[in-house]
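Notes for the one structure printed next.
The values are calculated or read from the model by the stated rules, or taken from the named source; none is laboratory data. All values reported here derive from a predicted model rather than from experimental measurement. Quick reminder, even Gly has a Cβ in these numbers, built from the backbone with ideal geometry, and neighbours come from all protein chains shown.
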Amino acid sequence: MPSSTPPVLPSPSVRARRATLPFGLGGFGLTGLGLAGLALVGIALAGMASAAEARSRRASPDQRIGRSRSERAALAGAHRRDAHRRDRRPRWQRDFRTIDGSFNHPGDPGAGAVGARLLRWGGSDYADGASEMAGAARPSARTVSNLVHAQDAPRPNALGASDYLWQWGQFLDHDLDLTGGADPVEPAPIAVPIGDPHFDPFATGTAQIDFDRSIYDGATGVASPREQVDEITAWIDASNVYGSDAERARALRADDGSGRLRTSAGDLLPFNDAGLPNAGGSDDASLFLAGDVRANEQVGLAAMHTLFVREHNRIVDELAARHRGWRGDRVYEKARQLVGALMQAITYREFLPALLGPNALAPYTGYDPGLEPGIANVFATAAYRFGHSALSPVLQRLDANGDPIAYGPLALRDAFFAPERIVDEGGIEPILRGLAAQRCQRVDAYVVDDVRNFLFGPPGAGGFDLASLNVQRGRDHGLPSYNAARVAFGLAPAADFDDVTSDPALAARLAAAYASVDDVDLWTGGLAEDAVDGAHLGPLFHRIVVMQFQELRDGDRFWYERALEPDEVAWANASRLSDVIRRNTAIGDELPDNVFQPEVGASARPR
């Protein structure tokens, strides 16, 4: 039975809150599960593509999101220019986050802001110590993909987790990190083994998977190791809903002064008729526009974006009715704050317990300004890409009775850059029901063909290999090897492949791919580990993910349990993701209370 309905909004708060910490000191400085790196690669083969497939292919990664050369250059050193900036917004507005994530840390305005460096946990491993890609002596990333990551049968997880495990993970990732391509472009193509059945079927021996290296801080890479930068805010602040820059934030807002966000017919996301940067092409007005450029990557993600735009507008309407003297800007900021609180509460009270186990994180004890806030490279480029192995090859689309809709289920390979699947095939409700009804794949070394061979289309027509991308991206970013990372995070190194996994068949796959266990790439080795009891991740990735989410929480001055009134905190804590879905869609009691672990039930959520 559904849980009792939480209050729709907290009772009105009449006491204004003011920042109590000074600003103006110091200076500081794709990513995760959310398929973030997908916009950065292509296949060097000719072929024809459907309209949806063609959207995903552009000559360079930067054209894929439509960012200009000057914009990319500005991002590459943004954190260094923040050291002496001051927050010049009106005093009332300083109670809320900036749109670009700046002025959160009292002594470091650029920490966690757009353009900040990814944090270097566990050291770097560039071939020349500074910038040359790691792994020159290792096998091609495609060889690793074929030998280790190929999945030949369904492997549903044993913990009862639904597809919401990876879907929320992707949606959340797009609130945390985005690393685009370097300028000028630095090609680092992935060699395809001769006779590869998908990418070299005619055994030419010349096929490649195109790959470009990531944007990095230009002050690094010579005297010090190259450090990549984050193109969006690092905080859990719903930047994926509202944007990480002023231009995008303005374009998403309704122009009626209400504080609402724009929508299109059917209360769906607006379309990108303004030509803003967008994965799939800034010139494609048939694609949705959202706070993050990747919203169209697959329809489940677009459904989540739509849901939280509706929640914002619902909150705006209630706030406006309660506070008739508030201007639209104040209503917008308060609604943005409350939506950000929902993102945080759902992540820490539902998603992370489902992923990591119920008590993996230490209890919240308050803000710690001594932490270095930001996103760690090993998190964004390896550990948080765990979700790529959890992806299901088919998205279920169900009606209120739990039956498939007339259009049927949707193959994941047909869901990429396909907003018409939402506009013309029943809206977001069938997708949101389907995500709860199907177990996700096991988090392990195996990746379904829909993203390992057919990501964004068939080979030669837009398709490429996400597993290869992840391995190559780790080498691009100079991540430590699997064994080096284990040592850095306080774990014993593996002496042989049998130490990585208890599965003899998987150990044999690793041995076939790598000459030595010391050569194993971080993403590959981390996924190959046996999961921690009650969790989906092995010891290494579990440790990295726990550290990252504890520091994101404890290093955030605007954390909801600190920044909001007690009744507002109680409202956020009472709101499950299922509640957000029910109050913004036609979905009712057919949805389980705990959408992340429907088979486990409400008891899986900490109280």
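Data table
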{"quantity": "The lone exception for residue 274 - which of (1) modelled with pLDDT of 95 or more; (2) over 22 Å from the mean Cα position of the chain (by Cα) it fails", "calculated": "(1)"}
{"quantity": "Every pair of residues 6+ apart whose Cβ atoms lie under 6 Å, when the first sits in the range 237-255 and is at positive phi while the second is outside any helix (DSSP H, G or I)", "calculated": "243/291"}
{"quantity": "Residue that is surrounded by the fewest Cβ atoms within 10 Å (Cβ to Cβ), among those in the range 134-190 that are of a type in the set (Asp, Glu) and assigned to a loop (DSSP other than H, G, I, E, B)", "calculated": "152"}
{"quantity": "Count of residues meeting criterion [of a type in the set (A, V, I, L, M, F, W, C), in contact with a helix residue (DSSP H, G or I) (Cβ under 9 Å, 6 or more places away or on another chain) and surrounded by fewer than 24 Cβ atoms within 10 Å (Cβ to Cβ)] in the range 317-336", "calculated": "4"}
{"quantity": "Matching residues, the range 345-370, being over 17 Å from residue 544 (Cα atoms) and assigned to a loop (DSSP other than H, G, I, E, B)", "calculated": "363, 364, 365, 366, 367, 368, 369, 370"}
{"quantity": "Selection within the range 510-553 - surrounded by fewer than 23 Cβ atoms within 10 Å (Cβ to Cβ), farther than 30 Å from residue 102 by Cβ and charged (D, E, K, R)", "calculated": "518, 519, 530, 533"}
{"quantity": "Within the range 476-499, tally of residues that are out of contact with any helix residue (DSSP H, G or I) (no Cβ under 7 Å at 6 or more places or on another chain) and surrounded by 24 or more Cβ atoms within 10 Å (Cβ to Cβ)", "calculated": "2"}
{"quantity": "Given (1) within 23 Å of the chain's Cα centre (by Cα); (2) over 30 Å from residue 508 (Cα atoms), index of the condition residue 129 fails", "calculated": "(1)"}
{"quantity": "Subset tally (residues that are of a type outside the set (Ser, Thr, Tyr) and closer than 20 Å to residue 468 by Cα) for the range 501-540", "calculated": "21"}
{"quantity": "Filter result (buried (at least 19 other Cβ atoms within 10 Å of the Cβ) and either within 20 Å of residue 402 (Cβ to Cβ) or in contact with a Pro (Cβ under 7 Å, 6 or more places away or on another chain) (or both)) within the range 569-581", "calculated": "571, 575, 576, 577, 578, 579, 581"}
{"quantity": "Matching option when the condition is at pLDDT below 95 and touching a helix residue (DSSP H, G or I) at 6+ places or on another chain (Cβ under 6 Å), among 135, 122", "calculated": "135"}
{"quantity": "Residue list for the range 418-456, filter: of a type in the set (A, V, I, L, M, F, W, C), under 24 Å from residue 270 (Cα atoms), in a loop (DSSP other than H, G, I, E, B) and at pLDDT 95 or above", "calculated": "418, 428"}
{"quantity": "Candidate set: the range 205-252, residues that are of a type in the set (Ser, Thr, Tyr) and part of a helix (DSSP H, G or I); chosen: the one nearest to residue 113 (Cα to Cα)", "calculated": "239"}
{"quantity": "The range 532-570, residues that are closer than 30 Å to residue 133 by Cβ and either in contact with a Ser or Thr (Cβ under 7 Å, 6 or more places away or on another chain) or among the hydrophobic types (A, V, I, L, M, F, W, C) (or both)", "calculated": "537, 540, 541, 544, 545, 546, 547, 549, 552"}
{"quantity": "Residue count for the range 298-328, restricted to those that are within 23 Å of residue 388 (Cβ to Cβ), in a loop (DSSP other than H, G, I, E, B) and either small (Gly, Ala, Ser) or at pLDDT below 95 (or both)", "calculated": "0"}
{"quantity": "Of all residues in the range 385-415 being in contact with an Asp or Glu (Cβ under 6 Å, 6 or more places away or on another chain) and of a type outside the set (Val, Ile, Thr), the one that is nearest to residue 231 (Cα to Cα)", "calculated": "389"}
{"quantity": "Checking residue 556 against (1) crowded, with 23+ Cβ neighbours inside 10 Å; (2) closer than 20 Å to residue 345 by Cα; (3) touching a helix residue (DSSP H, G or I) at 6+ places or on another chain (Cβ under 6 Å); (4) of a type in the set (D, E, K, R), the condition it does not meet", "calculated": "(3)"}
{"quantity": "Residue check for residue 175: among the acidic types (Asp, Glu), under 21 Å from the mean Cα position of the chain (by Cα), at pLDDT 95 or above and under 30 Å from residue 593 (Cβ atoms)", "calculated": "yes"}
{"quantity": "Condition met for residue 122 (in a loop (DSSP other than H, G, I, E, B), in contact with a strand residue (DSSP E or B) (Cβ under 9 Å, 6 or more places away or on another chain), among the small types (Gly, Ala, Ser) and closer than 24 Å to residue 214 by Cα)", "calculated": "yes"}
{"quantity": "Residue within the range 146-158 that is under 25 Å from residue 441 (Cβ atoms), hydrophobic (A, V, I, L, M, F, W, C) and within 22 Å of the chain's Cα centre (by Cα) present", "calculated": "no"}
{"quantity": "Selection count where residues are of a type in the set (A, V, I, L, M, F, W, C) and within 29 Å of the chain's Cα centre (by Cα), scope the range 490-516", "calculated": "5"}
{"quantity": "Test set (1) under 27 Å from residue 587 (Cβ atoms); (2) in a helix (DSSP H, G or I) - residue 407 fails condition number", "calculated": "(2)"}
{"quantity": "Top-ranked residue in the range 299-318 [being in contact with a Ser or Thr (Cβ under 9 Å, 6 or more places away or on another chain) and of a type in the set (Val, Ile, Thr); ranked as farthest from residue 410 (Cα to Cα)]", "calculated": "316"}
